[in-house]
Amino acid sequence: MTSRVIALDLDGTLLTPTKTILPESLEALARARQAGYKILIVTGRHHVAIHPFYQALALDTPAICCNGTYLYDYQAKKVIEADPMPVEKARSLVGLLAEHNIHGLMYVDDTMMYEQATGHVTRTLNWAQQLPEAQRPSFTQVASLTQAAQEVKSVWKFALTDQDTQKLNNFANHATKTLDLECEWSWHDQVDIARKGNSKGYRLARWVESQGLLMQDVIAFGDNFNDISMLEAAGTGVAMGNADDAVKARANVVIGDNTTHSIAEFIYTRLL
């Protein structure tokens with residue numbers, strides 16, 4: 001049997017609203033692995049924020065992180081392949097954020113940096129407190145993101161949050177035009193900005209090719225706009241029932257939402 005790939009987004013897809021994986025999904029994915037499928041996490045998250053899920057799935061594959069900005073090997077604890085944001089563009093973006101009064105969380109190296117704890121930071125810090133200490137994501141508060149961008153090794157992406165989503169959308173369009181960066185919505189009130197050309201679909205295709213496989217052998221599950229690139233690139237793109245209609249329209253199949261057993265049902269009825 002040809003080895004095949006199941007690519008999984010986390011938030012809004014494999015994860016429930018309480019950031020857990022349904023037992024039925026865990027069991028179905030374990031059976032898929034036994035049947036020869038390679039299971040791959042493809043997420044907008046930093047690698048430091050997916051420990052509990054990677055371990056629960058008992059994976060041995062690398063993880064595609066920050067919307068395709070880099071490939072992380074959990075076994076070797078190192079980045080295998082990456083296209084980080086140029087420092088000068090990161091510094092320019094921080095300047096724009098200050099001008100427009102929008103909060104930015106900067107994903108770098110092995111931590112996520114912020115100046116003020118709002119939006120995404122507050123949500124994730126609250127979630128992290130429920131985890132064992134060894135699984136908690138790393139956050140670092142800094143006085144200046146501009147200075148920090150100059151000192152770190154790699155800037156993976158920025159996660160921007162604001163209650164005014166129209167303001168956020170306008171800023172994303174402005175940053176795209178002025179700095180030539182890649183902007184994608186990853187949550188209802190969050191826009192991710194990374195180096196142009198990075199996407200989940202791009203990095204997934206590179207990894208699949210490195211394994212001697214074809215994208216037609218990939219089944220990808222996603223729910224948000226940052227998942228569209230991999231839903232379209234995969235042989236079978238599966239959108240969750242809770243996805244926006246614009247995302248569903250770009251998928252081959254639409255299943256139930258992330259609170260149901262729909263991923264497990266799809267695996268049992270369509271893949272095994």
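Here, each number is a calculation from the coordinates, and none is a lab measurement. What you see is a predicted model; the values in this text were computed from it and never measured. All Cβ positions, even for glycine, are placed from backbone atoms using ideal geometry, and neighbour counts span all protein chains on display.
Results, tabulated for the structure shown:
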item: Global form of segment 87-195, assessed from the alpha-carbon gyration tensor, a/c cut-off 1.5; result: oblate
item: Those residues of segment 98-119 whose amide nitrogen sits under 20 Å from the label point placed on HIS51, 7 Å along Cα→Cβ; result: 106-114
item: Global form of segment 1-67, assessed from the alpha-carbon gyration tensor, a/c cut-off 1.5; result: oblate
item: ASP73-ASN101 FRET efficiency (beta carbon distance; Förster radius 35 Å; 0.05 resolution); result: 0.35
item: Peptides 132-142, 170-180 ordered by average Cβ neighbours within 10 Å, highest first; result: 170-180, 132-142
item: Percent RCO, i.e. relative contact order, over segment 81-172, from Cα pairs under 8 Å lying at least 6 residues apart; result: 42 percent
item: Magnitude of the charge dipole, segment 87-195, Cβ model with Lys/Arg +1 and Asp/Glu -1, debye to 20; result: 40 debye
item: Gained length - GLN166 relative to TYR268, 0.36 nm times residue gap less alpha-carbon distance; result: 32.6 nm
item: Count, lysine Cα pairs under 14 Å in the chain, 8 or more residues apart or across chains; result: 7
item: Fraction of antiparallel bridges per DSSP, the chain only, in percent to nearest 5; result: 60 percent
item: Gyration tensor verdict on the chain (Cα atoms; rounded if a/c is under 1.5, prolate if a/b is larger than b/c, oblate otherwise); result: prolate
item: GNM top mover of LEU213, LEU160, LEU14 - the chain, alpha-carbon springs below 10 Å; result: LEU213
item: Label-zone membership for segment 1-35, site ASN126, 7 angstrom Cα→C-beta point, backbone N under 18 Å; result: 11-12, 16-20
